[in-house]
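Every number here is computed from the coordinates shown, using simple stated rules; none is lab data. Since the structure is predicted, the reported quantities are computational estimates derived from the model, not experimental observations. Note that we place each Cβ from the backbone using ideal geometry, even for glycine, and neighbour counts take in every protein chain shown.
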Amino acid sequence: MSVTTHRGYWWLPGLPDDVAAGQLVVDDDTGRCHLELVGSLDLRTAAVLENFGDEDAKAIEQERVHVVHGRVRGKPVTLLNCYAGAADGVVHGGRSFMDIVVQEALLGAHVEHEEPAFRYAIVEIENLTGWLGIDDVITRDRDEDGEKAVVGRADDLTAEVNGWRIVARRVPKPFQVGRSHARATVGGSIDGFLVLHPTEPRPLRDFHGVVLKIMDLLTLASGRPCGQIALTLIHRDDEVVRDRDGSRFVIDTRVESFGGRIHTARPEEASPRDWDFLFRRADLPFEQLVPAWIQLRRATADACNVFFGLRYARPTFTEARLLLVSTVAQALHAGLRGPEAVTYRTRLIELSQIPDAEAVHSVITDVETWSKDLLRARNSLAHTGNDDARSDIFELEWVTSSLLSLVFMAELGLPADVQRRAASTVLPLPWSRTRT
């Protein structure tokens, strides 16, 4: 495990005279952070000053505060959602060291709790570039004289939704030549990222909400967890920089975010191939797809929280996955069709009627049998902990998840041929897949 340390001085808002030296330690792989202090900070007093409301007693008992400020090599740092870890001594004044667990670190600005401090943000997410596609960025030409490749910059893709402008960009980097003892290689790369513009400055939490929704969209499309790789926030106040000749100029104040995430991104791993995606950006215009997804994600929040939780942190036992996915089916139907009192089997059958019928048949050949088996297995698992399904519960969980993916695709407005392609090439059971 490799880490990056940021040594500096740290204090609590409202207690500016109580300063401790220490270092912020950031795990380079997971982004998780903690603060190691020489001395300590009075988190209990700060918790009272922060006015946690109904959580006052709990916050004081756990020595937990929303914000810690610091300065590292002249740069401001904000630590968010902090609570005391290891320490010696019993009271603040008698401690010679203290560790503070940090949920998120912002390097580049001092921010207060829930402050609307950021004008826009730049985010990289796993599999975004593959989902956006590069067919319109690269052109290749080959003849007897050799092969030529041209990498251009594609036009920005823009979507407007709920007071946000979401811009997708694909930026090519210059070709580079690599040499080894055996050969020389020539190659280039294309970086895909999103720029999130609210109509007015927003707090950090609002940006996280939009990022999570896009992560879920990419997770649905790719069939695998897609995590945040990097998040850069642009503060509402510009930074004034002095040049060598003494003149001053203004630049954006860039704030880098670090912290543990629901899924640790692995940006160097191979992306799904084009045909491994359930759908890609080319299957529906970006300006239509993204707003449709954000509205759908909001309407079906209960179902999506569990469905994508299964993708980001998949439980080991099939029984647990089956019980959870059966719950998703019920919650998804309620989100789409309302909470009216209908039987569980009726909800399942109505869900199966939402996607293209041919696509559904590729995944579930007999809806009646599937709905009966899922109902029986769900009830048995919920009441006894044992399944009573007549079919293999791994298959039952897999085909149910596949149907739910098709329902999401249909509600997004993806065409029938896209649903059929996904159903025939990506969603079938692993040992029964065929590629057309």
Inset, instruction - Residues in region 153-180, backbone N under 20 Å from the label point at residue 147 (7 Å along the Cα-to-beta-carbon vector): list them, ranges by number please. - result: 173-180
Legend entry - Charge dipole magnitude, Cβ of K and R +1, D and E -1 - the chain, Cα centre, debye nearest 20: 560 debye
Inset, instruction - Inverting the mean 1/r over all pairs of different Cα atoms, compute the Kirkwood radius of region 332-404 and quote it in Å. - result: 12.8 Å
Legend entry - Ordering of 255-267, 320-332 by burial proxy (mean other Cβ atoms within 10 Å per residue, highest first): 320-332, 255-267
Inset, instruction - Pop out the Kirkwood hydrodynamic radius of region 91-225 from its pairwise C-alpha distances, inverse of mean 1/r, in Å to one decimal. - result: 18.9 Å
Inset, instruction - Note the full-extension length gain between residue 72 and residue 189 as 0.36 nm times their separation in residues minus their Cα-Cα distance, in nm to one decimal. - result: 38.8 nm
Inset, instruction - Write down the radius of gyration of region 262-364 and its Dmax, each obtained from C-alpha positions, in Å. - result: 15.9, 48
Inset, instruction - Could you tell me how many degrees, from 0 to 90 and to the nearest 10, lie between the Cα long axis of helix 367-384 and the main elongation axis, the longest principal axis, of the Cα atoms of the chain? - result: 50 degrees
Inset, instruction - Could you sort 172-184, 370-382 so that the peptide with the highest average Cβ count within 10 Å comes first and the rest follow in order? - result: 370-382, 172-184
Inset, instruction - Using the charge dipole of the chain (Lys, Arg: +1 at Cβ; Asp, Glu: -1 at Cβ; taken about the Cα centre), state which of 132, 25, 263 has its Cα farthest towards the positive end. - result: 132
Inset, instruction - For residue 118, list long-range residues whose amide hydrogen, built 1.01 Å from N in the peptide plane, is under 5 Å from its own amide hydrogen. - result: 202, 236
Inset, instruction - Using the Karplus curve 6.51 cos²θ - 1.76 cosθ + 1.60 with θ = phi - 60°, work out ³J(HN,Hα) for each residue of region 114-129 in order, rounded to whole Hz, and write x for Gly and Pro. - result: 6, 6, x, 9, 10, 7, 7, 9, 10, 9, 10, 10, 3, 6, 5, 4
Inset, instruction - For region 290-301, just list the computed ³J(HN,Hα) in residue order, Karplus coefficients 6.51, -1.76 and 1.60, θ = phi - 60°, integers in Hz, with x standing in for Gly and Pro. - result: 5, x, 4, 5, 4, 5, 5, 4, 5, 5, 10, 4
Inset, instruction - Apply the Karplus parameterisation 6.51 cos²θ - 1.76 cosθ + 1.60, with θ equal to phi minus 60°, to every residue of region 259-269 and state each ³J(HN,Hα) to the nearest whole Hz, in sequence, with x for glycine and proline. - result: x, x, 10, 5, 9, 7, 5, 10, x, 8, 6
Legend entry - Value at 222 nm in deg cm²/dmol, rounded to 500, when DSSP H runs of n ≥ 4 in the chain each add -39,500 (n - 2.57): -10500 deg cm²/dmol
Inset, instruction - Tell me which label goes with the value of P(r) over Cα pairs in 20 Å bins from 0, in percent computed from the coordinates here: (i) 23, 52, 25, 1; (ii) 24, 56, 20, 1; (iii) 21, 46, 30, 3. - result: (iii)
